[in-house]
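First the structure, in the form of structure tokens, and then the observations on it.
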Amino acid sequence: MTYRMDIDVRYGEVDAQGVVDHCVDQWLRSLQVLTADGGWDIMVKKATVEWFGPAGIGDVLTLVPRVSRWGNTSFDVTVDGSVGERTVFQAVVLYVGVKMGTKEPMPTPDTFRTALSG
């Protein structure tokens, strides 16, 4: 099942700062995968955004996240943002799995991979 999130663009969100993080956070919460593996957490290592057009006040921005690459201790989430059929941006966020409460890299649990690969 594809996760999808619609956001009404407000004045404070016109620059889209934080919108991608919020989408990925809500996606992971909806799958209840972070709480399933109590000793494992994720950290953002890198995020890039490619802009194709604007989203303005009053537009409804649709965000669709998906895992686009799996590594041993890291993975990429690509978030496609659109207004209607018009593509607005594509963001790629590189996450690294870490031991909870540390910055020590840790392999991605199989339960997490399975949940996000479906």
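The values are calculated or read from the model by the stated rules, or taken from the named source; none is laboratory data. Small disclaimer: the values here were computed from a predicted structure and weren't measured. Please note: Cβ atoms are built from the backbone with ideal geometry, for glycine as well, and neighbour counts cover all protein chains shown. The protein model used for the area step is the full one, side chains on, heavy atoms only, and it has no ligands, DNA or RNA in it. Shrake-Rupley method; radii C 1.70, N 1.55, O 1.52, S 1.80 Å.
Please give the number of the condition residue 72 fails out of (1) at pLDDT 90 or above; (2) outside any loop (DSSP other than H, G, I, E, B); (3) among the polar types (S, T, N, Q).
(2)
Could you grab me the full set of residues in the range 49-65 that are part of a strand (DSSP E or B) and over 26 Å from residue 99 (Cβ atoms)?
At the first step, the residues of the range 49-65 found to be part of a strand (DSSP E or B) are 49-51, 60-65.
Residues satisfying the conditions are 49, 50, 51, 60, 61, 62, 63, 64.
Name the residues in the range 48-59 that are exposed (fewer than 14 other Cβ atoms within 10 Å of the Cβ), more than 18 Å from the chain's Cα centre (by Cα) and modelled with pLDDT under 95, would you?
Hits for the range 48-59 are 53, 54, 56, 57, 58.
Could you check, for the range 86-97, whether at least one of its residues is open to solvent by 80 Å² or more (accessible area, probe 1.4 Å), assigned to a loop (DSSP other than H, G, I, E, B) and free of Cβ contacts under 8 Å to residues at least 40 places away in the same chain?
Here is the first cut: in the range 86-97, the ones open to solvent by 80 Å² or more (accessible area, probe 1.4 Å) are 86.
Filter once more, keeping what is assigned to a loop (DSSP other than H, G, I, E, B): none.
Checked against the condition, which is being open to solvent by 80 Å² or more (accessible area, probe 1.4 Å), assigned to a loop (DSSP other than H, G, I, E, B) and free of Cβ contacts under 8 Å to residues at least 40 places away in the same chain, the range 86-97 yields no hits at all.
What number goes with the only condition from (1) hydroxyl-bearing (Ser, Thr, Tyr); (2) part of a strand (DSSP E or B); (3) touching a residue at least 24 places away in the same chain (Cβ under 8 Å); (4) closer than 24 Å to residue 9 by Cα that residue 82 does not pass?
(3)
List the number of the failed condition for residue 31; all other conditions in (1) in contact with a Leu (Cβ under 9 Å, 6 or more places away or on another chain); (2) in contact (Cβ under 8 Å) with a residue 40 or more places away in the chain; (3) over 18 Å from residue 6 (Cα atoms) hold.
In the conditions (1) in contact with a Leu (Cβ under 9 Å, 6 or more places away or on another chain); (2) in contact (Cβ under 8 Å) with a residue 40 or more places away in the chain; (3) over 18 Å from residue 6 (Cα atoms), residue 31 misses (3) alone.
Condition (residue is more than 19 Å from residue 112 (Cβ to Cβ), assigned to a strand (DSSP E or B) and either among the polar types (S, T, N, Q) or open to solvent by 70 Å² or more (accessible area, probe 1.4 Å) (or both)) applied to the range 21-33: is it met by at least one residue? Write out each step before concluding.
Start the filter on the range 21-33 by keeping residues that are more than 19 Å from residue 112 (Cβ to Cβ), which leaves 22.
Filter once more, keeping what is assigned to a strand (DSSP E or B): none.
Within the range 21-33, not a single residue is more than 19 Å from residue 112 (Cβ to Cβ), assigned to a strand (DSSP E or B) and either among the polar types (S, T, N, Q) or open to solvent by 70 Å² or more (accessible area, probe 1.4 Å) (or both).
Mind checking which residues of the range 51-76 are touching a residue at least 40 places away in the same chain (Cβ under 8 Å) and within 23 Å of residue 8 (Cβ to Cβ)?
The answer is 55, 56, 57, 58, 59, 60, 61, 62, 63, 64, 65, 66.
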